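Colleague: I'd like to ask you about the structure that follows.
Every number here is computed from the coordinates shown, using simple stated rules; none is lab data. Given the structure is predicted, the values throughout are model-derived calculations rather than measurements. All Cβ positions, glycine included, derive from the backbone under ideal geometry; neighbour counts span all protein chains shown.
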Amino acid sequence: MDYEKKFQNALEQLHREGRYRVFTDIVRHKGDFPAATFHDDGMTRPVTVWCSNDYLGMGQDSVVLDAMHEALETAGAGAGGTRNISGTTHYHVELEHELADLHNKQAALLFTSGYVANQAVLSVLPKMGILGRCEIFSDENNHASMIEGIRHSSALKHIWRHNDMDHLESLLKASDPDAAKIVAFESVYSMDGDIAPVGDICRLAHRYGALTYLDEVHAVGLYGHRGGGIAERDGVLEQVDIIEGTLAKAYGVMGGYIAASERLVDVIRSYAPGFIFTTSLAPVLVAGALASVRHLKQSSRKRTQHTERVRRLKYLLETESLPLMDSPSHIVPLWVGNPVACKQASDDLLREHAVYVQPINYPTVPRGTERLRLTPNPNHTDQHMDQLVHALKSVWRHRRLDRRRVA
Ligand code: PLP
């Protein structure tokens, strides 16, 4: 068997479809983000980053960095074990308390990433004979990590049309009244930037006796007066049974978690292989995340600056008739609608204008809906925005890209 030939064919397929992924090799400048150095075939060039999920710039905040330095000096580099075997440090314990409090839940549990949290919980909860017969209801736009978790569970799966309450209700109505049920969805959808009616979905789910599982990965730290996410902003925290979040985006570090009842968390802690059989997060990461969560709980300054920056960028793009997609959140997608054009636009921005925005192609978004996803940050100045808009106009003109959003 010619394995190399098979690998080559698989890669050629991606090239043909214009969606072969090229990683942009950068080093961010601490204290000067969104400035970064682009490493390009042995050359280096300064660029401005416009696609980071470090939404608030906490990854370079002195509150976070000081805590990480201190933990490094105190506890050294790695955790040295799984949570069960020497890998539970006091930093882990404190962060779990802080996260439980953030979401008004009895308990929280850390995972090595948000992806692992979703995958571990959604595969195990319905699988282990814990809930008995179980049906899962999943929004069609749910993240790959939730889909993977659900796929590996033994539950009966139902996909409901994105944010469509009537469809969800019809599926719930038709389900087995005696089966356990889980309704799984996100608050802020990361590629379109739209926001789910969290309270309404939870009320509906509870009417049919379902547990609610909410991914707040793109909302924690950003929404709610303590950064508790959309559920906090909308005053419906108590209606969400399981909240899942990340420490890698607005909190600027790394790691994932869930917050829920003490018993549910204990079940996951005791049964989920994705939690049990892996080395726990390094203390230095946990200390940084702890400082970040605490800071954003008591200060809304960055959230306020962030909201203002997002509003300004949307205003500028609209004024220049660039194809801004509707988004009520901090995520600012610009429609391209073709994978090759999307990659070309991104390359032109990087090489000719020192603006770094990664192209977003299938399978991250459906084919034909390719886009550039901009994520303004409190550290983007008016000057950065003017530079970006000038560059976008030039690329749109030069590549003859459509200024209308064609859905
Ligand atoms: N959930 C959603 C909706 C995401 O967009 C992502 C990552 O982008 C994750 C979960 C995974 O989080 P993490 O990056 O911490 O693994």
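Colleague: Can you give the Kirkwood hydrodynamic radius of segment 151-289 from its Cα pairs, in Å with one decimal? If you can, show how the numbers build up before the last one.
Modeller: Working: mean 1/r = 0.0614 Å⁻¹.
One over the average 1/r among Cα pairs gives 16.3 Å for segment 151-289.
Colleague: Want the number for GLU320 to ILE130: 0.36 nm per residue separation, take away the alpha-carbon distance, what's left?
Modeller: My answer for the length gained is 62.9 nm.
Colleague: Right, here's the next one. Residues of segment 120-161 with backbone nitrogen within less than 13 Å of a virtual label 7 Å along the Cα-to-Cβ line of THR278, please, listed as ranges.
Modeller: The answer is 120-123, 145-146, 149.
Colleague: So how strong a dipole does segment 81-162 carry about its Cα centre when Lys and Arg Cβ are +1 and Asp and Glu Cβ are -1, to the nearest 20 debye? Numbers along the way, then the final one.
Modeller: Working: 7 positive and 8 negative charges, 82 e Å.
For this selection, approximately 400 debye.
Colleague: Let me ask something else about it. Please compute the contact order of the chain in relative form: average sequence separation of alpha-carbon pairs under 8 Å and at least six residues apart, divided by the residue count, as a percent.
Modeller: 21 percent
Colleague: Taking the highest mean first, how do the peptides 253-260, 63-70, 15-22, 168-175 order by number of other beta carbon atoms within 10 angstrom per residue?
Modeller: Per-residue mean Cβ counts within 10 Å order the peptides as 253-260, 63-70, 168-175, 15-22.
Colleague: In addition: For a protection proxy built on the mean count of beta-carbon atoms within 10 angstrom, sort 197-206, 30-39 highest first, please.
Modeller: In decreasing order of mean packing, 197-206, 30-39 become 197-206, 30-39.
Colleague: Still on this structure, please answer the following. How much length, in nm to one decimal, is gained on full extension between ASP200 and LEU14, taken as 0.36 nm per residue of separation minus their Cα-Cα distance?
Modeller: Result: 62.9 nm gained on full extension.
Colleague: Work out how much length TYR271 to SER394 would gain on full extension: take 0.36 nm times their residue separation and subtract the Cα-Cα distance, in nm to one decimal.
Modeller: Working: separation 123, 0.36 × 123 = 44.28 nm, distance 5.45 nm.
Roughly 38.8 nm would be gained on extension.
Colleague: Round to the nearest 0.05 the FRET efficiency obtained for ASP66 and LEU156 when R0 = 51 Å and r is the Cβ-Cβ distance. Write out the running numbers ahead of the final one.
Modeller: Working: r = 49 Å, r/R0 = 0.97.
Between ASP66 and LEU156 the formula returns 0.55.
Colleague: Cα convex hull of segment 349-407: mean projected area in nm², to one decimal?
Modeller: With the hull built on Cα positions only, its mean projection is 4.8 nm².
Colleague: Follow-up question, since we're still on this one. Roughly how far apart, in whole Å, are the Cα centres of segment 161-205 and segment 241-299?
Modeller: Here the answer is 24 Å between Cα centres.
Colleague: Nearest 10 degrees is fine. How inclined is helix 301-319 to the longest principal axis of the chain, computing both from alpha carbons?
Modeller: Once rounded, one gets 50 degrees.
Colleague: What is the distance in Å between the Cα centroid of segment 339-393 and that of segment 79-101?
Modeller: Value for the Cα centre distance between the two parts: 38 Å.
Colleague: Separate question: Mind checking which lysines have their C-alpha under 24 Å from LYS127, skipping anything on the same chain fewer than 8 residues away?
Modeller: Once the sequence-local lysines are set aside, what remains near LYS127 is LYS105, LYS157, LYS173, LYS181.
Colleague: How do 188-196, 234-242 rank on mean C-beta neighbours within 10 Å, highest first?
Modeller: Highest-to-lowest ranking by the protection proxy: 188-196, 234-242.
Colleague: 222 nm [θ] for the chain, helices only, -39500 (n - 2.57) per DSSP H run of 4+, per residue, to 500?
Modeller: Mean residue ellipticity at 222 nm (helix-derived): -12500 deg cm²/dmol.
Colleague: Give the cross-link partners of LYS393 among the lysines, using a straight C-alpha distance below 17 Å as the criterion and excluding same-chain residues fewer than 8 apart.
Modeller: LYS314, LYS343
Colleague: Now for a different question. With the Cα gyration tensor of segment 1-72 giving a ≥ b ≥ c as the square roots of its eigenvalues, does the rule (a/c under 1.5 for rounded; else a/b larger than b/c for prolate; else oblate) give rounded, prolate or oblate?
Modeller: prolate
Colleague: Also: Return, ordered by residue number, the residues of segment 373-389 whose backbone nitrogen is under 20 Å from a label point located 7 Å along Cα→Cβ of ARG301.
Modeller: 377-382
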